[in-house]
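Visitor: Can you read through this structure? Questions will come right after.
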Amino acid sequence: MFRIVPPGNAAGSFAEGTAGKAVTLKGHIPQDVIEEIRSRSNIVELVSEYVTLKKAGKNYVGLCPFHQEKTPSFTVNPDKQICYCFGCGEGGNEISFLMKIQNISFPEAVRKLAARRGIVIPEERPAGGERRRDEERAGLIKVNRLAQGFFEKNMMSGKGKQAREYLAGRGMSDSVVKTFALGYAPEGWRNLRDHLTALRVPDELLRKSGLVVFKNERQVYDRFRNRIIFPIENLSGEIVAFGGRELGGGEPKYLNSPETPLYVKGDNLYGLFRTKDEIRSKDMAILVEGYFDLLALWNAGVQNVFATLGTALTRRQASLIGRFTRNVALLFDGDAAGRAAVERSLPLFLEEGIAARVVILPDGSDPDDYVRKYGRESLEGLIHKAPTMVDYYIDGIMNNADRFEGTTRLARETIAFIRNIPDVIQRNLFIKRCAEKLGLDQGMLKEEVNRESRRGGPAVPERRPGSTVDPVELYLLYLMIEFPRKIPFVRESGILECCNEPALRTLGGRIVEIFEKRGTVTMAEIMNEQTEGGVTDRLLAMAVNDPPEEAIVDRMFHDTMKKIKTHWYRERHRALKRRLVEAHERRDAQQCDNLLMEKAQLLNQEQKDHILRGEQ
């Protein structure tokens, strides 16, 4: 942990907002604070920031953000404030969802949710590696915020005149500059380093942020110099990295932050935090390659757009955009590099079940040039008329099959491409068209596709290992959570002691304990209990659906408890029978007498239970 003391009362210092205290992250959070956060949960609102949800009865459904799927199986229950994926088994409450989606710790997820609701959490020190990781992440986010303030201030100062003129020359409005927080890194080797050092930011954080390059003790300099700066935000709006465009004619023209503990290039998309709502609203996204392509489209009123970050589109990025829409238009430069980028992207969209169109811009234009010259309506017309990725593949890519070698190569590439088409009808239609284009026998091409698919088809989502948990015992716990008023009845019956699975007995006892303390219990809080055999996951899968009708609740409890008790007696009788056989084989008369007496007592108790339940 580090302590930051600002020089004097420097505004915007690294310790701003900490009242001179060390920057600490909370570990143990009081249970009453966690309960307050849970009581004010809005899991639909939170999940909607990452997944496009549609109403389905009382629940909402969408494509799971944790595994690749084409049919929505991720279910959110607003009444119980829980979510569950029937495809991969991931699920939980609002806290566990945020932990998983942002890859953060429990305390950090709680803090984020508390901040959203204006809930104050007492500061306490966690222990070990978790504290160090959380502090490092929080420190890096703070460093990036301070750097962004520095860049924006320079943009508006005399130093930023050239940058402002360049942006104006490219038609960027003041609104775009402000919305995307564009900044300027001035010429000079140590401007940012000196600024952040004056705010007492440790060198180790500067090194890890990627903003300052430490070649050796004598060679320490700013990464971004004389560049327009583009902040790169994650889906939560936190600045995790920066991109820079050279203004002096130097190389490289564009430069991005290196990968850091905050930033992995293949996991992020430029602008998506700002544009995701418009993408979701229009149910269509436009993919461009660069910062200025995105800004030019936004400037022209086309706001359902996102951009890659100087690298080829990755599977993780395709999956990320798939959370918000299943329709994408690829709007890349019309040159060879742009076409190559399109060809690399197509299989990824096919695997994700995303319907993609390929927009070919005329005259070698790039999106920035085209929209500035012809306007939004013309661009939207091109997108509307654009061929699907399958049509583009057949009519564009396969036109090179003019020789035997070319046909052979394309046939093999086509087989690999076809394997990625999930819909059987579309796949067969594509096989037919490709066979005609290549002059191949359709049956032979189909057989080759099927053979390759058998060798290594698309990965099936990994399901969690099953368990031998008794479904009837599990159902009793589910009923207790759904109808807490019946918990005293369950407790007094002693039925939980008849559960054969230790994990269920333990969790059942915990449910009773929570009820006795708070007078109620919810599935959302049970999700934080540690159990074996995937018990909480299986309860969650049951809980996202509608509970039994109130009119039959008593009967459901009665029948479920009867089945558990009947099973318990059956297992006890089997155990006694086995022990009797063993005692008889040993010729142990005393043990046989004792076991026979125990069996008689068990039969007697069983008959009493039947009488008490009215089952004479």
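Visitor: Using +1 at the Cβ of each Lys and Arg and -1 at the Cβ of each Asp and Glu in the chain, identify which of P387, V264, A411 lies farthest towards the dipole's positive end.
Guide: With unit charges placed on the Cβ atoms, the residue in question is V264.
Visitor: Find the cysteines in the chain that fail to meet the 4.7 Å Cβ criterion with every other cysteine, and list them.
Guide: C83, C88, C434, C498, C499, C592, each lacking another Cys Cβ under 4.7 Å.
Visitor: Here's a follow-up. Using a simple spin-label model with points 7 Å from Cα along the Cα→Cβ vector, what separation in nm is obtained for Q442 and A340?
Guide: 3.6 nm
Visitor: Residue by residue through region 544-555, which ³J(HN,Hα) values in whole Hz follow from phi under the Karplus form 6.51 cos²θ - 1.76 cosθ + 1.60 (θ = phi - 60°), with glycine and proline marked x?
Guide: After applying 6.51 cos²θ - 1.76 cosθ + 1.60, I find 5, 8, 5, x, x, 4, 4, 5, 10, 4, 4, 5 Hz.
Visitor: Can I ask one more? Structure shown: which of K55/K437; K54/K208; K100/K282; K112/K276; K100/K432; K153/K215 lie over 32 Å apart, alpha-carbon to alpha-carbon?
Guide: K55/K437; K54/K208; K100/K432
Visitor: Now for a separate question. For a Förster distance of 41 Å, can you work out the FRET efficiency between the beta-carbons of T566 and Q31, rounded to the nearest 0.05?
Guide: 0.60
Visitor: Among the DSSP beta bridges whose two residues both lie in region 251-359, what percent are antiparallel, rounded to the nearest 5?
Guide: Approximately 10 percent, going by the DSSP bridge assignments.
Visitor: Hey, if you put +1 on the Cβ of every Lys and Arg and -1 on every Asp and Glu Cβ in region 477-616, which of Q607, I511, C499 ends up farthest toward the positive end of that dipole?
Guide: The Cα lying farthest towards the positive end belongs to Q607.
Visitor: Quote the relative contact order of the chain in percent (integer), defining contacts as alpha-carbon pairs under 8 Å separated by 6+ residues.
Guide: The value is 11 percent.
Visitor: Treating cross-link reach as a plain straight distance, find the aspartates and glutamates whose alpha-carbon is under 17 Å from the alpha-carbon of K373, omitting any fewer than eight places away in the same chain.
Guide: List returned: D293, D333, D363.
Visitor: Run the reach check for K80 against aspartates and glutamates, Cα to Cα strictly under 13 Å, same-chain hits fewer than 8 apart removed. What comes back?
Guide: Answer for K80, where 13 Å is the Cα cut-off: E94, E482, E525, D546, listed by chain and number.
Visitor: Still on this structure, I have one more. Dipole of the chain (Lys/Arg Cβ +1, Asp/Glu Cβ -1, origin at the Cα centre): which of A336, C434, I564 lies farthest to the positive side?
Guide: Of the options given, the answer is A336.
Visitor: Under 5 Å between amide hydrogens, which residues at least 5 positions from A241 or on another chain qualify, with H placed 1.01 Å from N in the peptide plane?
Guide: Those lying under 5 Å, H to H, from A241 are I232.
Visitor: Starting from the Cα of K55, step 7 Å along the direction of its Cβ; do the same at A600; then give the gap between the two resulting points in nm.
Guide: 6.7 nm
Visitor: Turning to a different aspect of this structure: Return the long-range amide H neighbours of V212 (sequence gap of 5 or more, or a different chain), with a cut-off of under 5 Å between placed amide H atoms.
Guide: For V212, whose amide H was placed from the backbone, the distant partners under 5 Å are R223.
Visitor: Now for a different question. In region 491-595, what GluC sites (Glu not before Pro) fall in a loop by DSSP, with at most 11 other Cβ atoms inside 10 Å?
Guide: Answer in residue order: E549.
Visitor: Using the Cα centre as the reference, give the magnitude of the dipole from point charges on the C-beta atoms of the chain (Lys, Arg: +1; Asp, Glu: -1; all else neutral), rounded to the nearest 20 debye.
Guide: 660 debye
Read-outs: derived from the displayed coordinates by stated rules, not from any lab. From a predicted model like this one, the values you see are computed outputs, not experimental measurements. A quick note on method: Cβ atoms are made from the backbone with ideal geometry, for glycine too, and the neighbour counts reach across all protein chains shown.
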